[in-house]
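The values are calculated or read from the model by the stated rules, or taken from the named source; none is laboratory data. Since this is a predicted model, take the numbers as computed values, not measurements. Glycine gets a Cβ as well: all are built from the backbone with ideal geometry, and neighbour counts include every protein chain shown.
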């Protein structure tokens, strides 16, 4: 990456990720970046995009392998960039960083996936509870003088209070990408819209990516991108061995509204206050209603 582009990025570092890993990235025309807050449909969108690039299902490896999270420090930096540079198909790459910490290339496509924050929280609770490597991650964070990842100890209310304070994990990302929504190479997709009309959203994504696929190909892509199919095919999505239950523990229920039976009225009021504080009103409406809020 050109030094001038890297120098424009605002620092963003946490227990798992480091924005500095972008520095060695060598962009290509047509690169696809899936950018999301955690637990808003990242793996789902990666799977959709990887399938659209491979409409006949000719996967050379799992989505987890062919669509890496650039900032994540799970893999040595040199090895990761070498693997990315060896890719021959159109690349699909992942980021959980705010829009100010991701390089913008005119010849690339960016897809931002949003979700109601309360649903994202419930998914994060399951994610955190099942993740088996938190202690290892937190030891590394201590060595780097970074805040540890909060651990779920069985109290959803305490966990929710801690989640609300993590500004950039959800609220900051929504606000930052919303500010960029008028870019021609950025598409906003909402989790609820994917749930309501997967075929329609897949077609919209394919059009945005300028992929000219037949109806038969699109039909097969949609079939491979349902939650049911993904949960049963770790060879396509990835095994996710770091989670209890593997892929089925990682792609858990995928439903919305579970927070209604968990969060109290005061907690919901605190969520609304935090949302109003950090996210513009039109973006806040979009997080709850998806494309309906844009009409």
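What do you reckon, is residue 4 modelled with pLDDT under 95 and more than 16 Å from the chain's Cα centre (by Cα)? Even if it seems obvious, please write down each step before you answer.
Details: modelled with pLDDT under 95: yes; more than 16 Å from the chain's Cα centre (by Cα): yes.
For residue 4, the condition - modelled with pLDDT under 95 and more than 16 Å from the chain's Cα centre (by Cα) - is met.
Which of the residues spanning region 1-37 are under 30 Å from residue 198 (Cα atoms) and assigned to a loop (DSSP other than H, G, I, E, B)?
27, 28, 29, 30, 31, 36, 37
Outside any helix (DSSP H, G or I) and out of contact with any helix residue (DSSP H, G or I) (no Cβ under 8 Å at 6 or more places or on another chain): is that true of residue 181 in this structure?
Numbers: outside any helix (DSSP H, G or I): yes; out of contact with any helix residue (DSSP H, G or I) (no Cβ under 8 Å at 6 or more places or on another chain): yes.
Answer is yes for this residue.
Would you call residue 40 in contact with a strand residue (DSSP E or B) (Cβ under 9 Å, 6 or more places away or on another chain), assigned to a loop (DSSP other than H, G, I, E, B), in contact (Cβ under 8 Å) with a residue 12 or more places away in the chain and buried (at least 20 other Cβ atoms within 10 Å of the Cβ)?
yes
Name, by its number, the condition in (1) touching a helix residue (DSSP H, G or I) at 6+ places or on another chain (Cβ under 6 Å); (2) more than 21 Å from residue 12 (Cβ to Cβ); (3) assigned to a helix (DSSP H, G or I); (4) touching a residue at least 60 places away in the same chain (Cβ under 8 Å) that does not hold for residue 187.
Only one criterion in (1) touching a helix residue (DSSP H, G or I) at 6+ places or on another chain (Cβ under 6 Å); (2) more than 21 Å from residue 12 (Cβ to Cβ); (3) assigned to a helix (DSSP H, G or I); (4) touching a residue at least 60 places away in the same chain (Cβ under 8 Å) is unmet by residue 187, namely (3).
Select from region 72-95 the residues that are under 17 Å from the mean Cα position of the chain (by Cα) and modelled with pLDDT under 95 and list them in ascending order.
Restricting attention to region 72-95, the residues satisfying the condition of being under 17 Å from the mean Cα position of the chain (by Cα) are 72-74, 91-95.
Correct list: 72, 73, 74.
Test of understanding: among 241, 223, 232, 207, which residue is over 20 Å from the mean Cα position of the chain (by Cα), at pLDDT below 95 and within 30 Å of residue 54 (Cβ to Cβ)?
Details: 241 fails: over 20 Å from the mean Cα position of the chain (by Cα); 223 fails: at pLDDT below 95; 207 fails: at pLDDT below 95.
Every option except 232 fails the conditions.
Pick from region 197-218 the residues that are without any contact (Cβ under 8 Å) to a residue 24 or more places away in the chain and over 22 Å from residue 30 (Cα atoms): which of them is surrounded by the fewest Cβ atoms within 10 Å (Cβ to Cβ)?
Ranking the qualifying residues of region 197-218, first place goes to 215.
Give the residue that is surrounded by the most Cβ atoms within 10 Å (Cβ to Cβ), with candidates limited to residues of region 43-66 that are under 17 Å from the mean Cα position of the chain (by Cα) and over 22 Å from residue 195 (Cα atoms). It would help to see each step written out before you state the result.
Taking region 43-66 first, the residues under 17 Å from the mean Cα position of the chain (by Cα) are 43-51, 62-66.
Narrowing the set further to residues that are over 22 Å from residue 195 (Cα atoms) leaves 62, 65-66.
Values: 62: 19, 65: 11, 66: 21.
Out of the qualifying residues, it is 66.
Scan region 125-163 residue by residue and report those that are outside any loop (DSSP other than H, G, I, E, B), touching a residue at least 60 places away in the same chain (Cβ under 8 Å) and touching a helix residue (DSSP H, G or I) at 6+ places or on another chain (Cβ under 7 Å).
The answer is 130, 156, 157, 160.
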